[in-house]
Amino acid sequence: MAYDSVETPFGKADWILGGAATYNALASNFFDIDCGIVSVIGNDFKPEHLQLLKDRNIDLSGVEQVPDGKTFFWKAEYHNDLNSRTTLDTQLNVLESFQPKVPQHYTRPHILLLGNLHPDVQWAAMQQIQQRPKLIILDTMNFWMEHFRPKLDEVISNVDVISINDEEARQLTAQHSLVKAAAMIHAMGPKYVIIKKGEHGALLFYNNHIFCAPALPLEEVFDPTGAGDSFAGGFAGYLCQFENPTLENMKAAIIYGSAMASFTVEKFGTENIQQVTKAKIDARLKTFEMLTKFDIELE
């Protein structure tokens, strides 16, 4: 849970609501599920933003508020293609000494989503889970790979699904081929490997199966921040509907996650995903279906 200041070629937004957990939760709660956050904030976190999450039935009993602390802050400028950015300021603040405390009623989750955070924090949260979830989903990034690889490898070896982008998959494995990279990541522990390719969609690898999901062509993209987190949240939220998710469920979850990410990038921060309705989601899913459906006769 964080505040961001973001500048893109299309505008600028200062001190807007952000953070992996925020995007994860907002993208996942369009289903009839119990969703809770474990995170930390400072005394500067706005009451209206807490209320926004509560109004969507997101359980905040796992959120620690430090009375004399400041919330994590991140500032960045995106370049013209929106695929690259320059980080201008990172203030860890209360996140620097964060020790996650998982509430008792969170300790037997159906699905555990480890948001993009320090692997020590992810590991500490995992150790407080009393019953193995049906799925443990990991989101991570290149920074943790560069600086905390041993602990990250330990986390990776204990999850069922990993979600990273193509650059990170290559960095993690030193393989240029994403097929070879996915195979190596499988060998590290995860049964399912998701490799995101930004505006070119996402790949799902499971044993010898590969599923390719397109990205939705959009007229306007304002802010890519939180797209990956929205993808992960939508993916996890969809799978919460199923007692024992199958490969086919995973494929559908990839599409659902992609839809949630497509909403996020159309405005700054969480603004657009806050306004999403089930009707809008259904319409977007229909568009995805039209993009991927075809008939062909084979002799």
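Taken together, the values in this text are just the output of simple stated rules run on the coordinates, not laboratory data. Treat the numbers as computed from the prediction; the structure is a model and nothing was measured. Cβ placement follows ideal geometry from the backbone for every residue including glycine, while neighbour counts extend to all protein chains displayed.
One table, with the values for the structure above:
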| item | result |
| --- | --- |
| Estimated [θ] at 222 nm from DSSP helical runs (n ≥ 4, -39500 (n - 2.57)) normalised by residues in the chain, nearest 500 | -11000 deg cm²/dmol |
| Kirkwood Rh, angstrom, region 68-113 [1 / mean 1/r, Cα pairs] | 13.9 Å |
| Neighbour-count ranking [beta-carbon atoms within 10 angstrom, fewest first] of Ser230, Ser28, Ser157 | Ser157, Ser28, Ser230 |
| Interchain or long-range residues, amide H under 5 Å from Val63's placed H | Ser39 |
| Intensity falloff of region 36-118 expressed as log10 I(q)/I(0), Debye formula with alpha-carbon point scatterers, at q = 0.12, 0.16, 0.17, 0.20 Å⁻¹ | -0.47, -0.78, -0.86, -1.05 |
| Length added when fully stretched, Glu96-Asp44, from 0.36 nm per residue minus Cα-Cα | 17.1 nm |
| Table column - 3J(HN,Hα) (Hz), region 235-243, Karplus curve with 6.51, -1.76, 1.60, x for Gly and Pro | 4, 5, x, 4, 5, 5, 6, 10, 5 |
| Backbone HN-Hα couplings from phi across region 63-72 [Karplus 6.51/-1.76/1.60, Hz, Gly and Pro as x] | 9, 8, 10, 8, x, 10, x, 10, 6, 3 |
| Difference of contour (0.36 nm per residue) and Cα-Cα distance, Asn207 to Leu52 | 51.8 nm |
| Local electrostatic count at Pro103 - Lys and Arg +1, Asp and Glu -1, tallied over other residues with Cβ under 15 Å | -1 |
| Spacing of the two label points (7 Å from each Cα toward its C-beta) at Glu146 and Asn158, in nm | 2.6 nm |
| Derived scalar couplings ³J(HN,Hα) [region 283-299; Karplus, 6.51 cos²θ - 1.76 cosθ + 1.60; whole Hz; x for Gly, Pro] | 5, 5, 5, 4, 5, 4, 4, 5, 5, 10, 8, 7, 10, 8, 8, 10, 7 |
| Dimensionless Rg/Rh of the chain - Kirkwood Rh, Rg from C-alpha atoms | 0.94 |
| Within the chain, percent of DSSP bridges classed antiparallel, to nearest 5 | 45 percent |
| Proxy reagent accessibility, fewest Cβ within 10 Å first, across Leu114, Leu88, Leu298 | Leu298, Leu88, Leu114 |
| Whole-percent pair-distance distribution, where bins are 10 Å wide, for the alpha carbons of region 202-291 | 17, 50, 27, 5 |
| Value of Rg/Rh across region 147-193 [Cα atoms, Kirkwood radius] | 0.93 |
| Amide H contacts under 5 Å for Gly36, placed H, 5+ residues apart | Asp59 |
| Cβ-Cβ FRET estimate between Glu77 and Arg132, R0 fixed at 51 Å, reported to 0.05 | 0.75 |
| Footprinting exposure proxy for Glu219, Glu7 (fewest neighbouring C-beta atoms within 10 Å first) | Glu219, Glu7 |
| Theoretical gain in end-to-end length, Thr287 to Gln175 [0.36 nm per residue, Cα-Cα removed] | 37.0 nm |
| Thr140 long-range amide H proximity, modeled H, under 5 Å | Ser163 |
